[in-house]
Amino acid sequence: MSAAETTRDVHPKTPSGSEAVVADLMMPHQANGLKRPSVFGGVIMSMVDRCAALSAMRHSGGQCTTLSIDRILFKEPIRVGELVEVRSRVVHVGRTSLSVLADVYAEAIATGVRRHTNECCLTFVHLDDDGRPAAVPPLELHTDDDRRINQLAQRRREALLAER
């Protein structure tokens with residue numbers, strides 16, 4: 001048994017222990033150029049992927065790679081000049097995979113008005129030093145909210161596996 005495989009039995013971790021934040025001010029070069037320009041969806045997707053990867057790496061204690069971005073819903077446009085903040089955390093783990101929930105917020109700096117613009121579900125695979133899937137620590141759930149989100153993520157995972 002490799003060191004990566006024994007990690008799973010040693011140190012359970014909580015969702016809050018994997019929390020990560022990525023923030024950036026949206027600039028004109030990130031806009032789509034329409035009459036009423038908004039930020040390219042790809043800019044937001046990149047921020048989400050980076051933030052979620054940080055959560056996956058914090059939980060697993062090593063490198064992780066994106067397996068899928070299962071859902072990204074752009075509920076509202078994000079404008080140039082707004083501060084975008086992505087917050088993510090691990091919400092479910094399998095043997096070698098991690099489900100990460102990422103929330104995106106846009107803030108108008110001048111007014112302080114903050115909007116929840118996106119919610120995204122991503123799946124990562126933890127990799128060992130040779131690039132092979134490796135075991136991840138179990139997830140320790142303390143709050144009712146953690147348990148509820150974990151159950152939703154488990155159902156989402158089961159539905160995805162059934163589609164394959």
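The values are calculated or read from the model by the stated rules, or taken from the named source; none is laboratory data. A quick note: this is a predicted structure, and the numbers were derived from the prediction, not measured. A quick note on method: Cβ atoms are made from the backbone with ideal geometry, for glycine too, and the neighbour counts reach across all protein chains shown. The protein model used for the area step is the full one, side chains on, heavy atoms only, and it has no ligands, DNA or RNA in it. Shrake-Rupley method; radii C 1.70, N 1.55, O 1.52, S 1.80 Å.
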Exercise for review: Take the alpha carbon gyration tensor of the stretch 9-103, find the square roots of its eigenvalues, order them as a ≥ b ≥ c, and report rounded if a/c is under 1.5; if not, report prolate when a/b exceeds b/c, else oblate.
Suggested key: prolate
Review point. Label points 7 Å out from Cα along the Cβ direction at ARG132 and ARG95: separation in nm?
Key: 1.3 nm
Review point. Helix-derived [θ] at 222 nm for the chain: sum -39500 (n - 2.57) over DSSP H runs of at least 4, divide by residue count, nearest 500?
Key: -9500 deg cm²/dmol
Check your understanding: Classify the chain: rounded, prolate or oblate, from the alpha-carbon gyration tensor (a ≥ b ≥ c, eigenvalue square roots; a/c under 1.5 rounded; otherwise prolate if a/b is larger than b/c)?
Key -> prolate
**Study point:** Residue-by-residue Karplus 3J(HN,Hα) for the stretch 16-27, coefficients 6.51, -1.76, 1.60, Hz, glycine and proline x
**Key:** 5, x, 9, 4, 9, 9, 10, 9, 7, 7, 7, 10
**Study point:** Normalised contact order of the chain, rounded percent, pairs of Cα under 8 Å and 6 or more residues apart
**Key:** 29 percent
Check your understanding: Just the accessible area per residue of the chain, please: how many Å² with a 1.4 Å probe?
Key -> 55 Å²
Study note, to complete from the structure: Within the stretch 58-88, the residues whose backbone N lies under 18 Å from a label point placed 7 Å from the Cα of ALA159 along the Cα-to-Cβ direction are 68-75
Exercise for review: Please work out how much length the chain gains when fully extended from LEU83 to ARG148, using 0.36 nm per residue of separation minus the C-alpha to C-alpha distance, in nm with one decimal.
Suggested key: 20.4 nm
Check your understanding: For the stretch 72-112 and the stretch 146-164, what is the separation of their Cα centres, given in Å?
Key -> 20 Å
